[in-house]
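The values are calculated or read from the model by the stated rules, or taken from the named source; none is laboratory data. Only a predicted model underlies this, so the values are computations on that prediction, with no experimental measurement involved. FYI the Cβ positions are ideal-geometry reconstructions off the backbone, even for glycines, and counts take in every protein chain you see.
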């Protein structure tokens, strides 16, 4: 699994860019229309889902089939969630917040799971587990307090998105550096 993650370092870079974009948008335009907020949540969920599916497909056959299934299934669910949000015209704020909260909970759990699985290969896996737990807890809190707290939480969510985006960008660059030490894979036609 670590080799697959390292070879596909660019997936984390794209995730980081998506998180950074969502965070910056929340900070510079907190009073954006519901339409823009809906589009950003949908785009992030679809993008993250696509990257998760890609990571699952890229797992080598000698890795566990369970990890592959978890990644592909979770990624497909993220894509479905993003499509529901994108194509549900006039989605109520409460539903959008609930779907976003569920996506945060699942994303955080997946991040913590992945870090736990990679603990032997990643020296700072504890930090990744902590970030995953924080994301899941934020999602749970958002689910509990609902849309009434969106205006109060938005600046925090913006900064959190920026920080997570920068962390994922940094992780991707580390993975890119580590990928140079891996043996070349033969191209299959």
Exercise for the section: Evaluate the range 46-68: report whether one residue or more is surrounded by fewer than 17 Cβ atoms within 10 Å (Cβ to Cβ), more than 19 Å from residue 157 (Cα to Cα) and at pLDDT 80 or above. Expected result: yes
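Matching residues to (1) within 13 Å of the chain's Cα centre (by Cα); (2) under 23 Å from residue 50 (Cβ atoms); (3) at pLDDT below 85:
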{"residue": "84", "(1), (2), (3)": "no, yes, no"}
{"residue": "91", "(1), (2), (3)": "no, yes, yes"}
{"residue": "105", "(1), (2), (3)": "yes, yes, no"}
{"residue": "117", "(1), (2), (3)": "no, yes, yes"}
{"residue": "126", "(1), (2), (3)": "no, no, yes"}
{"residue": "130", "(1), (2), (3)": "no, no, no"}
{"residue": "137", "(1), (2), (3)": "no, no, no"}
{"residue": "141", "(1), (2), (3)": "no, no, no"}
Fill in the blank from the handout: Expected single match for at pLDDT below 80, farther than 23 Å from residue 27 by Cβ and not in a helix (DSSP H, G or I) among 175, 187 is 187
